[in-house]
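Take a look at the structure below.
Values in this text are rule-based calculations from the coordinates and carry no lab data. Everything numeric in this text was worked out from a predicted model, so none of it was measured. Here Cβ is always computed from backbone atoms with ideal geometry, including for glycine, and neighbour counts include all displayed protein chains.
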Amino acid sequence: MASPETEHSIGHAESGMASVQNIKLLENIEVKLTVEVGGTKITIRDLLKLNEGSIVELERLAGEHLDILVNGTLLAKGEIVLVGERLGIRFTEIISPEQRLRSI
């Protein structure tokens, strides 16, 4: 018969394996990653006046890190980089789980 300590260790190991299996199930789920450059509020009147060459000032300052969202929830901050001929995003700050919960 196993001692209570051994039973606890076995139970802990089994729950750890179950957690790893649960993570493995989630790994293939696709999510939408979005990089938000900035935004502003504009009246419909001003919106209708826009045409090619129009400039709209955004609320984000030049050089400020961009928001990285996953399924609409802020996950991180980052900066634009070139990856060959494509744009990429370098993560510069990961938002803590506590901060993410406050934003929901």
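For a test of the definition: using alpha carbon positions, the gyration tensor, and the 1.5 limit on a/c, classify segment 31-103 as rounded, prolate or oblate.
Values: a/c = 2.35, a/b = 1.48, b/c = 1.59.
Oblate, since a/c reaches 1.5 and b/c is not below a/b.
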Note down the nm distance, to one decimal, between modelled labels 7 Å out along Cα→Cβ at GLU27 and at ASP46. 4.8
